[in-house]
Each structure stands twice: as C-alpha cells, then as structure tokens.
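First the structure, in the form of structure tokens, and then the observations on it.
The values are calculated or read from the model by the stated rules, or taken from the named source; none is laboratory data. These figures come from a predicted structure and were not determined experimentally. Cβ placement follows ideal geometry from the backbone for every residue including glycine, while neighbour counts extend to all protein chains displayed. Side chains included, ligands, DNA and RNA excluded: accessible areas come from the protein's heavy atoms. Shrake-Rupley method; radii C 1.70, N 1.55, O 1.52, S 1.80 Å.
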Amino acid sequence: MRVNTIPPVDLTRQYQVISREVEGKVLEILRSGKYIGGATVTEFETQFAQYIGRNYCVAGNSGTDALYMALRALDIGEGDEVITTPFTFIATSEVIVRVGAKPVFVDIDPDTFNLDLAKIPPAITEKTKAIIPVHLFGQPIDMTKLMAIANKHNLYIIEDCAQATGATWNNQKVGSIGHVGCFSFFPTKNLGACGDGGALTTNDPTIAKKIKLLREHGLVREPGAKVTYRHEITGLNSRLDSIQAAILNIKLKYLDIWNNQRQEAASNYQQLLENVTKIQLPSAVAGGVSVWNQYTIRVKNTSQNEELTRDTVRQKLQQQGVISMVYYPLPLHLQAVYQDLNYQPGSLPIAEQAAMEVLSLPMFPGITLEEQQQIAYGLKDCL
Ligand SMILES: *Cc1c(COP(=O)(O)O)cnc(C)c1O
C-alpha cells in the first residue's frame, strides 16, 4: 500500500492561509526602500507587548540574542551562576557561557520535561543570580512555585518562551510572569517569521532601555530616533528587519487560531493513543495551558521492552511514511562543549532517560485527522 509521507512540520499549510496578505505587504516594503526598523517594527513591538501582557517589548534578531541580551541587561556575567535545564535546545545555556557566567544544570520532571522545581533550591549558591526556565514543547512550568523560589533567594527569572508563545500559566501568558520573557520567531516556533527573529518582554523600563541600547551597538538615540554615533555600552547588532516584522504583524493575528489547532491535534492524539501500551503520552499540569510546539511521547525503555527502543520505533514509523523527531538526543550536561563543567553520565538521570525515550510526533497547524489516524495506526503497528 502506498502511503503519504507526513512530515514533522509543514509550514506551507499556514502560509496558504495568509499568502495574499503577506505577499502584498512584503512587496509594499520592498518598494518602500525602508528595510530596517521604522514603524513596522515598532508596530509589532506594541502589538506583541499587548498580546503577552507586558509594558515593553523589544524585538531582536533571534531567540538566542533575546536570551543573551536579557542576561546582559541584568548585569549577569563573570563569576555568576545561572540555573537552567539540561533538556532544552543548546541556545538556552550557550548564552550563559557567552556572558561569562556558569550554567548550573538541574534535573527535570519526568512527566513535563520541564525543570524539577524541588531540585532548584539545593542548587542555589551565593553566586546564583538567575534561573532560566524553559517552557519546553509549549508546556508552561509552574510559574507560581518558581517565582516563590526566586523571590525567596532574590534571583531573576528569565523565561525561555521560545517554544511557548501564547501558552498561559494561571491565565497569564508565559513571558509576562518572570522579570524578562524571551521569544524566538524561528519559522517552526508557534509564532514564526519567514527567517530569524526574536523578542524580549518586560515590565521594567530600565531593563527595556538597556536591551534597546544593547541591540544596536550601545547606540544612544536622541528623541525622534536620531542616530548620535555615541555609544554607551558594548552591544551587538540584533535588529528585526521590517519584512520579518510585517510578516509577524500579520501572523500574530492568527496565532490563537493556530495554537487552538495544535491543541485540537493534541487532544486527537490523546484519544487515538490513550490505550496504547508501552508508550507514555504527555501530561498536562493543572494551571498551565500548553500550546504544543511539539507533541512528545515516551517509548518506555524497560527490561520487558528490550527489543523495542525509541530508535527502532522511529525507524518503523519512517517506513510507514511518518517522520518523527527526537528532541533532544543528548542532554546538555553531557555535550562535548560542556566537558569542563565535569558532569558525568548518571549525574542528571531523569534528563538522560528522557533523551533515550522521547519521540516527537508530527505537530503543526493544519495537520488533518486522517494524517493523525495514519500516525496512530502506524505507531500501534510497530509497538
Ligand atoms: C529555538 C529555541 C531557542 C533559540 O531561538 P533562535 O531564534 O533559534 O535563536 C532558544 N531556546 C529554545 C528552547 C528554543 O527552542
């Protein structure tokens, strides 16, 4: 039987919905001759701040830059420690090293894949300045408990919301609860540009001002945005260009619809797969609303299940036309780049086990029920 190939993500389905609007706007910008900054970017910053529920949004070039600028704006650097999760994309810890601070990895919760809150306090030292929680796969971490820890120990919280734009904790958007929220607009994120992009959100005017300085070489602008060629701090070049801002302005209007489609797809998976043994489905935490950047199951790695590893399941699925992904195959504390931090295999066992068992099924706005049924049959067939 010939089956259709189902990719892990298909961005063309979103694009079909908005293509006329986007192409019209992009042509307008191309013809305007104004490609960097200006009203389109400011409009996006205003809209996005409002959407997240913060007073300030500063747009930048990527989620990585957003995290980097957040650390810089909070004066975190040499001699400081920042607690984060080993089970995330490398960008989260990379920026900690780039500012000269030390990442301290804390193990994760086996059900949510997010930081295990109980393991954070024992990792806090007099050098700890901040925690970077990641709302992994779109699922918010318990921000109430996390803020209580932060307040008790006088730490900053920089939320890595790269995979969770639109997710809420107790009806508040992620990125509006910690001191700074960092977002990525990489194309496959919930709000994705047609290229790179990122943003920071905060309610603190001093932080917002410093981020604006940083993103443009520490450049002081006079009222009316006039360039002065006076530079106050060492910054970087992290601007969002006008075409990306215009596309994001259009896509932001559709974000809730697309997130709802992801939520529907997640509940379809739940129904299609709930009685399947040998796998564990993602679990929701009361208080959090996930936006399902990924739908990640576990293929349980037990002694009864020896023949059936995650990797064999993945291969068999592929033979049936279903392309799944592994986020992430090697936790950060065991990466070659962090050898000098001296973590050993076994030091963060929950993350290490997750890395062996996780499998992310196709998930994107516009995935059809038929495709999800094909995925579910395929999965049952190889278990
Ligand atoms: C994508 C991602 C980033 C980095 O964002 P870029 O825009 O690609 O730089 C950071 N953290 C997490 C958790 C991500 O998924």
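Take every DSSP beta bridge with both residues inside the chain and express the antiparallel ones as a percent of the total, to the nearest 5.
Percent antiparallel among DSSP bridges in the chain is about 65.
Please turn the phi angles of region 196-210 into ³J(HN,Hα) values with the Karplus equation 6.51 cos²θ - 1.76 cosθ + 1.60 (θ = phi - 60°), one per residue in order, whole Hz, x for glycine and proline.
Going residue by residue, I get 8, x, x, 7, 10, 10, 7, 9, 9, x, 5, 5, 4, 5, 5 Hz, with x marking Gly and Pro.
Lys34: which aspartates and glutamates have alpha carbons under 14 Å from its alpha carbon, excluding same-chain residues fewer than 8 sequence positions away?
Of all the aspartates and glutamates, those that pass the test against Lys34 - Cα under 14 Å, at least 8 places apart if same chain - are Asp241.
I'd like the distance between the alpha-carbon centres of region 184-198 and region 52-100, rounded to an integer number of Å.
Cα centroid of region 184-198 versus Cα centroid of region 52-100: 17 Å apart.
Return an integer: the convex hull volume of the alpha-carbon atoms of region 256-382, in Å³ per residue.
143
When the helix-only estimate is applied to the chain (DSSP H runs of n ≥ 4, each -39,500 (n - 2.57), divided by the residue count), what is the mean residue ellipticity at 222 nm, nearest 500 deg cm²/dmol?
One gets -11500 deg cm²/dmol as the mean residue ellipticity at 222 nm.
Please compute the alpha carbon radius of gyration of the chain, then divide it by the globular-protein estimate 2.2 N^0.38 Å. Two decimals is fine.
1.01
For the chain, modelled as a GNM with alpha-carbon contacts under 10 angstrom, which of Gly24, Gly60, Gly178 fluctuates the most?
Looking only at Gly24, Gly60, Gly178, the biggest GNM fluctuation is shown by Gly24.
Leaving out ligands and nucleic acids, note down the accessible area per residue over the chain with a 1.4 angstrom probe, in whole Å².
Dividing the accessible area of the chain by its residue count gives 45 Å².
Could you check how much of the accessible area of region 242-315 is carbon and sulfur, as a whole percent, using a 1.4 Å probe?
Of the solvent-accessible surface of region 242-315, carbon and sulfur hold 46 percent.
Checking the table Lys25/Lys251; Lys127/Lys212; Lys129/Lys210 against a 23 Å threshold on Cα-Cα, which pairs fail?
Table pairs above 23 Å Cα-Cα are Lys127/Lys212.
Show me the ranking of peptides 131-137, 73-79, 192-198 by mean Cβ neighbours inside 10 Å, starting with the highest.
131-137, 192-198, 73-79
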